[in-house]
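Inspection log for the structure reproduced underneath, given as structure tokens.
The values are calculated or read from the model by the stated rules, or taken from the named source; none is laboratory data. What you are looking at is a predicted structure, and each value in this text was computed from that prediction instead of being measured. Positions of Cβ are generated from backbone atoms using ideal geometry, with glycine treated the same way; all protein chains shown enter the neighbour counts.
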Amino acid sequence: MLVPLNVAIPGQSFSFRLSSSTRHSSQDMTGKKSGNTEGRRSAFKFNAMTTDELRRRREETQVEIRKAKREDSLNKRRNIVDTIPAAESMSELKDSVPRAKDLTAAELAQVLPNAVQGIYSEDISVQYKSAVEFRKALAVERNAPIQLVVNSGVVPRFVEILAGHTGNATNDEERKTMEDLQFEAAWVLTNIASGEPEHTMAVVQANAVPVFIALMRHHNGDIREQCIWALGNIAGDGPKLRDYVLQEDMMSPLLENVAFALENGAQPISVVRNGAWAISNLCRGTPAPSWNQVVVALPIVFRLLQVQDNDTLVDCCWALAYMSTENDVIGEIVQAGIVTHLVPLLGNPGVSVQVPALRAVGNIVTGADTQTQAVVDAGALPLLRNLLNHSKTSIVKEACWAISNITAGTPEQIQSVLDANIVPKLVHLLSFADFKIKKESCWALCNATSAHETHPHQVKYLVSQAVIKPLCDLLDGCQDSRVILVALDGISNILSVGEQEALLSPDNTNPYAQFVEEVRGLDIICSLQDHPETDIYLKSKQIIDKHYEGEDDEDNLIEAENSFQFNPSAAVPQGGFKFT
């Protein structure tokens, strides 16, 4: 029995019909939690940086790069495989229908009217043959005639077939044919939903989502898997439809299917792959989903990360990369024990795995110190050091960014970075890489000076690795005010440790101040006192006043002595001085 259901999607309104046995939600779908990734932390204070300021989220530009490369190609998938196992009757019909890619657009236009007529037949076998024709028409690799099929008006009919309301099976053979027909309908709708947003919406408006969700608990595994695929395409269309399928409780049967496949040795692997991909689509997008609806997937993600299949790992890592943009979810990820399986994937030979794994790890280390420590304890530092030598500059930059958020942590975490022999490579990148990498290297190295008061030996080590010159060079002509402030803060911390060294020197000379001057750093810092930004002017002036004050005072004293010397031979007024 079908019952009416009105579902509100922001900007859309349509009346659906739902099977009375299908679970649905009457919650308002407009209440969504914003998931915009933070930019750099709050305003930089020139006198000192707090831990929150040192630890940074990814910049929005980096997010846009990821979107441009990934969203257009991977959030939706069309089923173009023509080799899925099926019953004999299904195989025979497949062989009897010419592949759509052998037909021209004009020929397709001639074939489809007959297929449309057949899909409305009362005969199940005729419906099935027509469904196969539609499926093959949509299963071509390029330029699938999705719009032509939508325009034919058959989408609601396929949803009826999917729901099993187009015929009565009286025996086992007919029941098997009905299942084959449902599978074909699911396949057709999957490929329609893989098209443009208006194509996806045509499937949604035909009330397909609650039917797909109900069929994810069907006894036929092929039908269940095809429904996962279709719902993954719908969720991948954008935040509105993602939130809709989440509210319709897609997640619960999805996790059940993946868990069942995992319990059977990750078989079939296609269910595991499609499940991981669908989970990823449920986590992606801006604004972000309501995280309490997706964190329930973490136990399954934990298990999926242990599957030896790169396609599965790619989507699991992307799901974690999306989820870890939220501070509260970072804690859930760490508590679930996921970090121990995520971090080793930084060493995966596949770039498609490395990129999202690095993104997720980088997001996690923006969290609390204990969460950062979980990443360090999982062995991230040697792997991050290796990524600094990667051929892809985007990976090198993100590895530097992740390291900078570790050096923004406790003195012990800074020491872990130093002990991992990462500093020499960071100094090299600061000296010779392009500016985007130099910028992240600067953050990583300057953050490592933050414990200069309690752990001066860490700063001394940085100086021994020749960090002063590239830091000063970075200031010369730099147009990024934030980077200038970070570099100035790092130099200031180094000079402060140099003051302690001066106390041990016979002539009380700050050796680090001399180093800065020898590499033209003093001249550059002096010139920054003319910078239009107040914070940069104040910070550069503070460095000059604090660490080069003696030389300035001495110069001023010499000038004053030359200006006000007493001349005993100066003429005395006639009659002498008169005092009253």
Subject >> Search result, residues across segment 240-259 that are acidic (Asp, Glu) and more than 23 Å from the chain's Cα centre (by Cα) >> reply: 248, 249, 256
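Residue-by-condition table, conditions (1) out of contact with any helix residue (DSSP H, G or I) (no Cβ under 8 Å at 6 or more places or on another chain); (2) surrounded by 17 or more Cβ atoms within 10 Å (Cβ to Cβ):
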position: 235; (1), (2): no, yes
position: 240; (1), (2): yes, yes
position: 245; (1), (2): no, yes
position: 253; (1), (2): no, yes
position: 259; (1), (2): no, no
position: 264; (1), (2): yes, no
position: 283; (1), (2): no, yes
position: 301; (1), (2): no, yes
Original post:
surrounded by 21 or more Cβ atoms within 10 Å (Cβ to Cβ), at pLDDT 90 or above and assigned to a helix (DSSP H, G or I), is that true of residue 512?
Top reply: yes
**OP:** Please indicate, with yes or no, whether at least one residue in segment 306-319 is touching a residue at least 40 places away in the same chain (Cβ under 8 Å) and of a type in the set (Asp, Glu).
**Re:** yes
Original post:
Taking residue 277, is it buried (at least 23 other Cβ atoms within 10 Å of the Cβ), over 28 Å from residue 55 (Cα atoms), modelled with pLDDT of 95 or more and not assigned by TED's automatic domain parsing to the domain that holds residue 231?
Top reply: yes
**OP:** Identify the residue in segment 316-337 that is polar (S, T, N, Q) and under 15 Å from the mean Cα position of the chain (by Cα) and, among all such residues, is modelled with the lowest pLDDT.
**Re:** 327
Original post:
Among the residues of segment 139-147, is any assigned to a helix (DSSP H, G or I) and either of a type in the set (A, V, I, L, M) or assigned by TED's automatic domain parsing to the domain that holds residue 107 (or both)?
Top reply: yes
Original post:
Going through segment 498-515 one residue at a time, which ones are touching a Ser or Thr at 6+ places or on another chain (Cβ under 8 Å) and farther than 19 Å from residue 454 by Cα?
Top reply: 511
**OP:** Scan segment 164-193 for residues that are modelled with pLDDT under 95, closer than 23 Å to residue 137 by Cα and either aliphatic (A, V, I, L, M) or not in a helix (DSSP H, G or I) (or both) and report the count.
**Re:** 3
Original post:
Do we find a residue being charged (D, E, K, R) and buried (at least 24 other Cβ atoms within 10 Å of the Cβ) anywhere in segment 378-385?
Top reply: no
Original post:
What number of residues within segment 118-138 are assigned to a helix (DSSP H, G or I) and of a type in the set (Phe, Trp, Tyr)?
Top reply: 2
Original post:
Quick one: which of 396, 417 is part of a helix (DSSP H, G or I), more than 23 Å from residue 275 (Cβ to Cβ) and more than 17 Å from the chain's Cα centre (by Cα)?
Top reply: 417
**OP:** Output the number of the condition that residue 500 fails; it satisfies all remaining conditions of (1) within 23 Å of residue 445 (Cα to Cα); (2) modelled with pLDDT of 95 or more.
**Re:** (2)
Subject >> Hey, residue 215 at negative phi, over 29 Å from the mean Cα position of the chain (by Cα) and free of Cβ contacts under 8 Å to residues at least 60 places away in the same chain or not >> reply: yes
Original post:
Which of (1) within 29 Å of residue 207 (Cβ to Cβ); (2) more than 18 Å from the chain's Cα centre (by Cα); (3) touching a residue at least 12 places away in the same chain (Cβ under 8 Å) does residue 262 not meet, given it meets every other one?
Top reply: (1)
Original post:
Quick one: which helices (runs of 4 or more DSSP H) sit completely within segment 515-580 and have at least 3 residues that are at pLDDT 80 or above, out of contact with any Cys (no Cβ under 7 Å at 6 or more places or on another chain) and not polar (S, T, N, Q)?
Top reply: 521-527, 534-547
Subject >> Verdict on residue 482 being on the phi > 0 side of the Ramachandran plot and modelled with pLDDT of 95 or more >> reply: no
Subject >> Wholly within segment 430-505, helices (runs of 4 or more DSSP H) carrying at least 3 residues that are closer than 23 Å to residue 530 by Cβ and within 29 Å of the chain's Cα centre (by Cα) >> reply: 435-447, 481-502
Subject >> Cβ-Cβ under 8 Å pairs, at least 6 apart or on other chains, segment 470-496 side among the basic types (Lys, Arg), far side not in a helix (DSSP H, G or I) >> reply: 482/40; 482/44
